[in-house]
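Working notes for the structure below.
What follows is calculated from the coordinates using simple rules that are stated; it is not laboratory data. The shown structure was predicted, so the numbers you read here are calculated from the model rather than taken from an experiment. Here Cβ is always computed from backbone atoms with ideal geometry, including for glycine, and neighbour counts include all displayed protein chains.
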Amino acid sequence: MSIRTGGMNQNSTIAKILLLAALFMAPPLMAGCGAAPESESVAQSYAGPTGPTFPSSYYFDLSITPHTIQTPGTVGVTVRVWDSRGNVVANAPIIFVGPDTSTTGTTSAGGISTKVLEIKGNAGGVVFVTVTVEDSSLTLPVQIVAAVS
């Protein structure tokens, strides 16, 4: 194997490498462009995955829609559960806990369970919604904003 170190070929190769590096770095760097600063919104819509749980070695994730609400309001809470091989888990027991309501459920044949939780709170506040599968929990904040008049 020989390496050319002379003139135009070396400069051309370096230019190609720099161009490829710039192309690969542009999407991650631009992903945050125009986004609100972290301090302006503490709400998130997705957490996880986490696991394995005990004793069944399940993995799960949590999503909430919407993650910013007017008070009083409701949020949809969805949990997906799968095993260590990536297969969905049916009938996995789940506990849903919000600041004002809590309930239980089990996953469907597709490994998903969705519940609607009522949220009451003060505008400008943050409340938390937690789901528990066996011995593991995930929690997401829900931001409460003032009602628009």
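Rounded to the nearest 20, the size of the Cβ-charge dipole of region 38-145 about its Cα centre is 200 debye, with Lys and Arg at +1 and Asp and Glu at -1.
Relative contact order for region 38-145 using alpha-carbon pairs under 8 Å, separation at least 6, rounded to a whole percent?
Working: 289 pairs, mean separation 33.0, N = 108.
Normalised by residue count, the contact order of region 38-145 is 31 percent.
The gain in end-to-end length when the THR74 to THR106 segment is fully stretched comes to 9.5 nm, 0.36 nm per residue minus the alpha carbon separation.
For region 50-120, the share of alpha carbon pairs falling in successive 5 Å distance bins from zero is 4, 16, 26, 22, 14, 10, 6, 2, 0 percent.
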